[in-house]
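Everything below concerns the one structure shown next.
The values are calculated or read from the model by the stated rules, or taken from the named source; none is laboratory data. This is a predicted model, so every value here is computed, not measured. Note: ideal-geometry Cβ built from the backbone for every residue, glycine included; neighbour counts use all protein chains shown. Note: accessible area is taken over every heavy atom of the protein model, side chains too, but ligands, DNA and RNA are not part of it. Shrake-Rupley method; radii C 1.70, N 1.55, O 1.52, S 1.80 Å.
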Amino acid sequence: MERARIAVTGASGLIGGALARSLTADGHQVVRLVRRAARAADEVCWDPEGRYVDTAGLAGCDAVVNLAGAGVGNRRWTDAYKARIRAGRVLGTAALAEAIAALDDRPRVFVNGSAIGYYGETGDRVVDESAPAGSGFLPELCVEWEAAAAPAREAGVRTAFVRTGLVVSRKGGAWARLFPLFKAGLGGRMGDGRQYWSYVSLHDEVAAIRHLIDTDGLSGPFNVTAPNPLTNREITEAMGRVLHRPTFFTVPAPALRTVLGEMAGDVLGSARVVPRRLLESGFTFAFPDIEGAIRAA
């Protein structure tokens, strides 16, 4: 892709920050949406909960990537925190989509965050993008999150949804909490370990988002997960092999529910999700296996 101007929300987060660095390294201009008055030429003010975007700052952007939102795994899911999670994603997406639709010179693509939480509990069943939404907080959130992008799509802007799995990184997200435990020899399976975890390396997450930006004709949902999801037990064993540590410990399901509350269902739940549409579009994973993803992190 020729040098482009790309607006990114969530640029201070794990994925957004990595994406911004990758784009900048390749000579693209990254415009960061910030929740305060803009202080530099590469910043645009926005208030996702207030559904406000300084649309003048989006003028001339070739693409808009929305990765903003409070971390789903950052704290216990109280009613207040669930409301915060929802507001940042649903209202923020609506604000961006409406701002994009209002532009005279619209970006050619809007890439919006989403998650494999869309599918809910899938057990041993392999699911791709054709599967329906599940039930519960996360599936309902993802449905609303994606629906909020409608104004941009209806205005003719190509719109793609990144249904992200568990990102393997030591710098943030759920995996950042696992690495210290395993390095200390305290790692182990969660519950019975039979639940499937659909993971993706941070490198491949960023590469997939860039692929969706660059490739004309790609719209709708894309699962961004490695091609072969594994059980929690298999991932635990792989962490032990790569880090050369024992994995004797087990966190019983009741203990997880006590500590995490409702969020424990996401940790103990099974999501065997595959990236069918991404592979069909010609995308190649740099780290398709778990050991490679762990080493890359």
Fill in the blank from the handout: Cα-based Rg then Dmax for region 94-196, in Å, read 17.8, 57
Practice task
List the residues whose amide H sits under 5 Å from the amide H of V44, counting only those 5 or more places along or on another chain, with H placed 1.01 Å from N in the peptide plane.
Solution key: R32, L33, V34
Practice task
State the volume of the convex hull built on the alpha-carbon positions of region 171-256, expressed per residue in Å³ and rounded to an integer.
Solution key: 115
Exercise for the section: Using the Karplus curve 6.51 cos²θ - 1.76 cosθ + 1.60 with θ = phi - 60°, work out ³J(HN,Hα) for each residue of region 28-35 in order, rounded to whole Hz, and write x for Gly and Pro. Expected result: 7, 8, 9, 9, 9, 8, 10, 8
Handout entry: Label-point separation in nm, L181 to R194, each point 7 Å along Cα→Cβ
Key = 2.1
Problem - Probe 1.4 Å - accessible area at K171, Å² to nearest ten - result: 140
Practice task
May I ask for the percentage of alpha-carbon pairs in region 1-88 that lie more than 14 Å from each other?
Solution key: 66
Fill in the blank from the handout: Along principal axes, largest first, the alpha-carbon spread of the chain in whole Å comes out as 59, 39, 38
Handout entry: Carbon plus sulfur fraction of accessible area for the chain, probe 1.4 Å, in percent
Key = 51
Handout entry: Computed over the chain: relative contact order in percent, which uses C-alpha pairs under 8 Å that are six or more apart
Key = 18
Completion exercise
With all protein chains in place and a 1.4 Å probe, R277 shows an accessible area in Å² (nearest 10) of 70
